[in-house]
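Okay, so here's the structure we're looking at.
The values are calculated or read from the model by the stated rules, or taken from the named source; none is laboratory data. Just so you know, these numbers come straight off a predicted model, no measurement behind them. Cβ placement follows ideal geometry from the backbone for every residue including glycine, while neighbour counts extend to all protein chains displayed.
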Amino acid sequence: MAIDALPEFILENYEILEWNHATAILEKDFPNEWNDLINLLTDFRLLKSHITVGGGSKSLVAQRLDSFLYERGWFEKQFDTKQQVDGIERETPTHKVDCYKNHIALEIEWNNKDPFFDRDLTNFRLLFDLKAISVGIIITRSTELQQIFNSLGRSSSYGNSTTHFDKLKPKLLGAGSAGCPVIAFGIKRSLYVED
């Protein structure tokens, strides 16, 4: 199984789920982006200070993950897509992708409402069908982190109806991204650091 190509540290500290051979495609066809992903996941630690402070429009956790990739040439991307049928052109707008590089799209869903997973997977499907991306990646939190949020008095901010791995799993396994290869990572409590 291609997931075994991931370093042991990542296998131990993230829940991982893939669809349509995403890992093999990333590792073999996109080695630079693969290395960026490996370095991101290896470097990341979930800091207590990033949980206890409200993030406004974007949490400190998401900002930290984004900035790591932005420093390596990834960027937020809005695709300009159109379809033409019988000479009639129709715009087919997509949502912005949090981080994009060389046909790889990465979404960070730290603490949104769980329908955002549907939006991301549908976006991946459309962009894959249009040959704009080759692989989609989602980074979210493991459901087990709820225990930490509860202990910090943040349970109302991180509820069951927000984005976490157990909400993503049935959507991905239910072919939410159709043919688009996707790999998902859930940040486990073993990465939590009381800074």
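Data table
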item: Pick from the range 142-187, criterion free of Cβ contacts under 8 Å to residues at least 60 places away in the same chain and in contact with a Gly (Cβ under 9 Å, 6 or more places away or on another chain), ranking: surrounded by the most Cβ atoms within 10 Å (Cβ to Cβ); result: H164
item: Of residues in the range 32-87 being of a type in the set (V, I, T) and within 19 Å of N112 (Cα to Cα), the one nearest to the chain's Cα centre (by Cα); result: V61
item: Any strands (runs of 3 or more DSSP E) falling wholly within the range 98-195 and containing at least 3 residues that are β-branched (V, I, T); result: 135-141, 182-187
item: The range 150-168, residues that are within 21 Å of E18 (Cα to Cα) and of a type in the set (F, W, Y); result: F165
item: Among residues of the range 10-34, those that are polar (S, T, N, Q) and within 12 Å of N102 (Cβ to Cβ), counted; result: 1
item: Subset tally (residues that are modelled with pLDDT under 90 and charged (D, E, K, R)) for the range 129-170; result: 3
item: The range 1-28: number of residues that are touching a residue at least 60 places away in the same chain (Cβ under 8 Å) and closer than 23 Å to T122 by Cα; result: 11
item: Filter pass, V193 being loosely packed, with under 14 Cβ neighbours inside 10 Å, touching a strand residue (DSSP E or B) at 6+ places or on another chain (Cβ under 6 Å) and either within 29 Å of D4 (Cβ to Cβ) or in contact (Cβ under 8 Å) with a residue 24 or more places away in the chain (or both); result: yes
item: Near pairs, Cβ below 9 angstrom, 6+ apart or cross-chain, from the range 54-74 (under 17 Å from I137 (Cα atoms)) to any residue that is among the β-branched types (V, I, T) and modelled with pLDDT under 90; result: V61/I51
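Yes/no matrix, rows are residues, columns are (1) crowded, with 18+ Cβ neighbours inside 10 Å; (2) of a type outside the set (K, R):
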{"residue": "A62", "(1), (2)": "yes, yes"}
{"residue": "Y70", "(1), (2)": "no, yes"}
{"residue": "D80", "(1), (2)": "no, yes"}
{"residue": "Q83", "(1), (2)": "no, yes"}
{"residue": "K96", "(1), (2)": "no, no"}
{"residue": "N111", "(1), (2)": "yes, yes"}
{"residue": "L127", "(1), (2)": "yes, yes"}
